[in-house]
Amino acid sequence: MNAPEGADADLVVIAKEPVPGRVKTRLTPAYTPAEAAALAAAALHDTLTAVATAPACRRVLALAGQPGPWLPGGFEVVAQRGGGLDERLAHAFTDAFAAAGGGRPLVLIGMDTPQVTPALLARAGRALRERDAVFGPARDGGFWLLGLRRPDERLLLGVPMSRPDTGTLQLARLRAAGLTVATMPELTDVDTPPDAEAVAAQAPGGRFAALVRALGTRTVPA
């Protein structure tokens, strides 16, 4: 099957079902667990909307949990597997690549950057025409996007996650493997209340920003 016009890669979103107490726990106690889950659902909605309108050969959701009414049409859903985040990311690449029969590049993002745009995703896909990998650094030291022309679990397994040096270590792993790497603009992951307010200000037109405004400014209790 030929790729849709303008599509250079399959797009993969790795996400958790937005269940109170299981997602965005660092937003509490400034937000209640229910509010944090609602913000996660809004971020996931905006992310999936961007992916749904970006050029893609296929759109895949690697999900921990069950699909809900927040899932638009046109996505294939695969279950996450593995323990740590490095394993779940590695397996998401492997499973999405295998489901397509191999041969197409993959661009993977999470649900934490609702400010992502179709244009950014298209740019990442185009980068894989000439580079082996594309890397999107996050402001907290991690990464918000990783694209690979040919996935290999060894590029991710064992990389320490959720640390200030995660992005540096992941990028070093790619380059140590001899890959050519294109770099994307830095984005802010939504992990804390200040992150939520910053991202809402950057992308004021989305569902996530509207909910942040509706809930009002929050501070962490002393």
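The set of residues in the range 182-202 that are within 16 Å of the chain's Cα centre (by Cα) and in contact (Cβ under 8 Å) with a residue 60 or more places away in the chain comprises Met184, Pro185, Leu187, Thr188, Asp189, Val190, Asp191, Ala196, Val199. Taken together, the criteria place Gly147 among residues that are under 13 Å from Met184 (Cα atoms), buried (at least 21 other Cβ atoms within 10 Å of the Cβ), touching a helix residue (DSSP H, G or I) at 6+ places or on another chain (Cβ under 6 Å) and not hydrophobic (A, V, I, L, M, F, W, C). Looking across the range 1-60, just one residue is free of Cβ contacts under 8 Å to residues at least 60 places away in the same chain, more than 25 Å from Pro204 (Cα to Cα) and acidic (Asp, Glu), and that is Glu5.
For (1) part of a helix (DSSP H, G or I); (2) exposed (fewer than 15 other Cβ atoms within 10 Å of the Cβ), each residue gets a yes or a no:
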position: Leu44; (1), (2): yes, no
position: Ala52; (1), (2): yes, no
position: Cys57; (1), (2): no, no
position: Pro69; (1), (2): no, yes
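Specify which of the listed residues (Arg126, Arg88, Arg154) is among the charged types (D, E, K, R), in a helix (DSSP H, G or I) and in contact with an Asp or Glu (Cβ under 7 Å, 6 or more places away or on another chain). Step through it out loud before you land on a result.
Numbers: Arg88 fails: in contact with an Asp or Glu (Cβ under 7 Å, 6 or more places away or on another chain); Arg154 fails: in contact with an Asp or Glu (Cβ under 7 Å, 6 or more places away or on another chain).
On inspection, the qualifying residue turns out to be Arg126.
Determine whether Pro185 is crowded, with 19+ Cβ neighbours inside 10 Å, in a loop (DSSP other than H, G, I, E, B) and either basic (Lys, Arg) or in contact with a strand residue (DSSP E or B) (Cβ under 9 Å, 6 or more places away or on another chain) (or both). For Pro185, the condition - crowded, with 19+ Cβ neighbours inside 10 Å, in a loop (DSSP other than H, G, I, E, B) and either basic (Lys, Arg) or in contact with a strand residue (DSSP E or B) (Cβ under 9 Å, 6 or more places away or on another chain) (or both) - is not met. For the range 17-37, the tally of residues that are closer than 22 Å to Glu197 by Cβ and charged (D, E, K, R) stands at 3. Specify the residue that is modelled with the lowest pLDDT; the eligible residues are those in the range 1-40 that are within 19 Å of Leu145 (Cβ to Cβ) and of a type outside the set (A, V, I, L, M). Selected residue: Gly6. Any residue in the range 199-214 that is of a type outside the set (Phe, Trp, Tyr), under 13 Å from Asp112 (Cα atoms) and touching a Ser or Thr at 6+ places or on another chain (Cβ under 7 Å)? The answer is yes, given that some residue of the range 199-214 is of a type outside the set (Phe, Trp, Tyr), under 13 Å from Asp112 (Cα atoms) and touching a Ser or Thr at 6+ places or on another chain (Cβ under 7 Å). In the set Gln115, Gln80, only one residue is of a type outside the set (Ser, Thr, Tyr), out of contact with any His (no Cβ under 9 Å at 6 or more places or on another chain) and in contact (Cβ under 8 Å) with a residue 40 or more places away in the chain; that residue is Gln115. Per the listing Pro137, Pro194, the residue uniquely farther than 16 Å from Thr47 by Cα and part of a strand (DSSP E or B) is Pro137.
Screening Leu157 with (1) within 28 Å of Phe93 (Cβ to Cβ); (2) touching a residue at least 40 places away in the same chain (Cβ under 8 Å); (3) buried (at least 18 other Cβ atoms within 10 Å of the Cβ) gives one miss only, at (3).
The values are calculated or read from the model by the stated rules, or taken from the named source; none is laboratory data. Keep in mind it's a predicted model, so treat the numbers as computed, not measured. Glycine also receives a Cβ, built like all others from the backbone with ideal geometry; neighbour counts cover every protein chain displayed.
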